1. In percent, what relative contact order does the chain have, based on Cα pairs under 8 Å that are 6 or more apart in sequence?
2. Taking R0 as 35 Å, what's the FRET efficiency between residue 181 and residue 252 from their Cβ-Cβ distance, rounded to 0.05?
3. Are there trypsin sites (Lys or Arg not before Pro) in the range 272-380 that DSSP marks as loop and that have at most 12 other Cβ atoms within 10 Å, and which are they?
4. With all protein chains present, calculate the accessible area of residue 383 using a 1.4 Å probe and round the result to the nearest 10 Å².
5. For the chain, what is the percent of antiparallel DSSP beta bridges, rounded to the nearest 5?
6. Would you mind getting me the FRET efficiency between residue 313 and residue 39? Use the beta-carbon distance for r and R0 = 45 Å, nearest 0.05.
7. Considering only protein heavy atoms and a 1.4 Å probe, what is the carbon-and-sulfur percentage of the accessible area of the chain?
8. Calculate, for residue 139 and residue 378, the FRET efficiency according to 1/(1 + (r/R0)^6) with r their C-beta to C-beta distance and R0 56 Å; round to the nearest 0.05.
Amino acid sequence: MDKTVSILGSTGSIGTQSLEVCEKHGINVAALAAHSSIEALEQQIRKFRPKYACIYNEAKYSELKSRISDMDVKLYSGMEGLCTLASLKEADIVLNSVVGMVGLLPTLTAIDAGKDLALANKETLVAGGELVMKAAADRGVRIYPVDSEHSAIFQCLQGNKRSQLSKIILTASGGPFFGRSYDELKKVTKAQALHHPNWEMGNKITIDSATLMNKGLEFIEAKWLFDLAPEQIEIVVHRQSVVHSAVEYNDYSVIAQLGVPDMKIPIQYALLYPDRMPCPTGRLSLTDYGKLTFEKPDYETFKCLSAAIEAIKRGGAYPCLVNSANEEAVRAFLNDEIKFVEIGEIVSSVLENFRISDIKSYEDVMAADKAARAFVREQIKFKAALV
């Protein structure tokens, strides 16, 4: 296929599945970037032979350079390297699947270079949604969502008038703890939180799914991607993860996108749009599932979800603040510094401890990010001192 992609975050779950899609359909790979997994990145470089590569962790640069010294590939490192790969003239599209706030600047860089984006980095739109969407509109850049839910909405909008959209329905698996009480969540272990019932994902996203923060971030993303008011977004818990999301039109007709819970489907749609071709995944058999269920989320128990929705309703820097607070809290949980329920408590506390401020530039985003992280670290330190 005469299409070339740069993949940022190539050794993660989305990145590796993206490479399966590239291999299946002959999509050229111009560049690969990873955070610190030099063994996996080396294997990918040898298999896909990109002209460019980047290892974000600068301490790993020398070792990787030595390991691929026999390869004809230009190697970069750090944020500068990510941004270089995001703006390569050889690439038709940039797939951004890095985790965390690291993804925002490469996204803005790709847009500035006029590159279409297959976007899997949630934080790009959560923290800098207004900046990103304005830049994309100004440059005439298309953003193709890779999240299964946003891809589903994007697919359901095809062939219909955007002006006739009434609302969207974001489905959520509910994670491993849906139906549990807040007291029950106090006993959750790290191993339990990292065991998702339907999806194979990285640790951070898996924890976000367990707290339902993942759905809160997707709520914020959907507001920006589809230019919606928060009141036009409904969240529904759908345990089977077969209906990936739906759209309701003004005539109350609802169109949904269904498929097996496999990220290769939305990845492929983003990379090959508007074409549809056989995907390296299984077919959906509704009779194998037999029953599909839909329930309301428990907003009181899952505090992260409520905090994220409140943040986008308030606007300004609040979405960035809750996102950054969540990143720090999840890091602390994975390092056994706090309990599972404390993630939601910490994220919610940001709403009450920061005054509203505007986001007008990348620097504003970074300032809010820094402030939220410092606040959370102080909270965690204080909690530790009380033990």
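1. On the way: 701 pairs, mean separation 57.6, N = 387.
Relative contact order comes out at 15 percent.
2. Numbers: r = 35 Å, r/R0 = 1.00.
After rounding to 0.05, the efficiency reads 0.50.
3. Numbers: sites: 276, 283, 291, 303, 313, 314, 331, 339, 355, 360, 370, 373, 377; in loops: 276, 283, 291, 339, 355, 360.
Passing both the DSSP loop test and the Cβ count: 276, 283, 291, 355, 360.
4. Accessible area of residue 383: about 60 Å².
5. On the way: 11 of 40 bridges.
Restricted to the chain, the bridges split so that about 30 percent are antiparallel.
6. Numbers: r = 44 Å, r/R0 = 0.98.
Efficiency computed from Cβ-Cβ geometry: 0.55.
7. On the way: 8190 of 16990 Å².
After summing per-atom areas, the C and S share lands at 48 percent.
8. Numbers: r = 39 Å, r/R0 = 0.70.
Computed FRET efficiency for residue 139 and residue 378: 0.90.
The values are calculated or read from the model by the stated rules, or taken from the named source; none is laboratory data. Here the structure is a predicted model, which is why all the values come from computation and not from measurement. Every residue, glycine among them, receives a Cβ derived from its backbone with ideal geometry; neighbour counts consider all protein chains shown. We work out accessible area using only protein heavy atoms, side chains counted, and drop any ligands, DNA or RNA first. Shrake-Rupley method; radii C 1.70, N 1.55, O 1.52, S 1.80 Å.
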